[in-house]
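*Asks:* The structure's right below; bear with me while I get my questions together.
What follows draws every value from the coordinates through simple rules; no lab data is involved. From a predicted model like this one, the values you see are computed outputs, not experimental measurements. Don't worry about glycine lacking a Cβ; one is built from the backbone with ideal geometry, like all the others, and counts go over all protein chains shown.
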Amino acid sequence: MMAHARVLTERDGWILPLAGLPVTRCIVDYAFSLHFWTSSEADYTVRIGGPFVLQAYNQVLNLSARNGAVSLGPALRLFGQTLESAVVAKNGELTLRFGDRSAIVVPPESAYEAWEVAGPSGLLVVCQAGGKLAIWQPKDGEPSAS
């Protein structure tokens, strides 16, 4: 079985193991999600539950699933784009940068979980209320507080 990538701790935050993966689905429900799939062993989902900023196509757009599904239309352009980097700052802010120079920035929420990333073998990263992270590495059932 292939060893799964882990969340890396850096001086300024964390690096999520998503670089180089294509967006294979955009999911709109009570949140906005990006799904990344390349094989049965590399399946990741980024779920954004709160407001976020989409920087793309010479625009900066403030988006949120709370404003209804239609409001998320501009974010659907990310379908098929390759993720260049996925970085989390110490304050819990998630930044996703794509190959076409677009980006999503998700700030932490004071009262809700702003975003989460789920991956293979139990990998889970949750931005809890206030920006604190809970990280479950692959094959590791205990969360680590940040």
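*Asks:* Using the Cα centre of the range 13-146 as the reference point, and only Cβ charges (+1 on K/R, -1 on D/E), how large is the resulting charge dipole? Debye, rounded to the nearest 20.
*Replies:* Values: 9 positive and 11 negative charges, 60 e Å.
Using only the charged Cβ atoms, the result is roughly 280 debye.
*Asks:* Continuing with this model, one more query. When the dipole is taken about the Cα centre of the range 1-79, and only Lys, Arg (+1) and Asp, Glu (-1) are charged at their Cβ, what size is it in debye, to the nearest 20? Write down the numbers at each step before the final one.
*Replies:* On the way: 6 positive and 5 negative charges, 33 e Å.
Roughly 160 debye for the range 1-79.
*Asks:* Hey, how much of the P(r) for the range 1-79 falls beyond 15 Å, as a percent of Cα pairs? All intermediate terms of the calculation are to be shown ahead of the outcome.
*Replies:* Details: 1938 of 3081 pairs.
The proportion of pairs with Cα distances above 15 Å equals 63 percent.
*Asks:* Quick one: give the max-minus-min coordinate of the C-alpha atoms of the chain along each principal axis, largest first, in Å.
*Replies:* 38, 34, 28
*Asks:* Could you work out the local net charge near T82, counting Lys and Arg as +1, Asp and Glu as -1, over the other residues with Cβ closer than 12 Å to its Cβ? Don't skip to the end; give the middle numbers.
*Replies:* Numbers: positive: R97, R101; negative: E84, D100.
Once all neighbours under 12 Å are counted, the net charge is 0.
*Asks:* Taking the chain as a Gaussian network, where each spring joins two C-alpha atoms under 10 Å apart, which residue of A56, A111, A103 fluctuates the most?
*Replies:* Looking only at A56, A111, A103, the biggest GNM fluctuation is shown by A111.
*Asks:* Any idea which of H35, L96, I15 is furthest toward the positive side of the dipole for the chain, if Lys and Arg beta-carbons carry +1 and Asp and Glu beta-carbons -1?
*Replies:* L96
*Asks:* Using a Förster distance of 25 angstrom, determine the FRET efficiency expected from the C-beta separation of N62 and S121, and round it to 0.05. List each step's numbers first, then the result.
*Replies:* Working: r = 35 Å, r/R0 = 1.39.
In this case the efficiency is close to 0.10.
*Asks:* What FRET efficiency would be calculated for the residue pair D12, A69, taking the C-beta separation as r and a Förster radius of 41 Å, to the nearest 0.05?
*Replies:* Numbers: r = 34 Å, r/R0 = 0.84.
After rounding, the FRET efficiency stands at 0.75.
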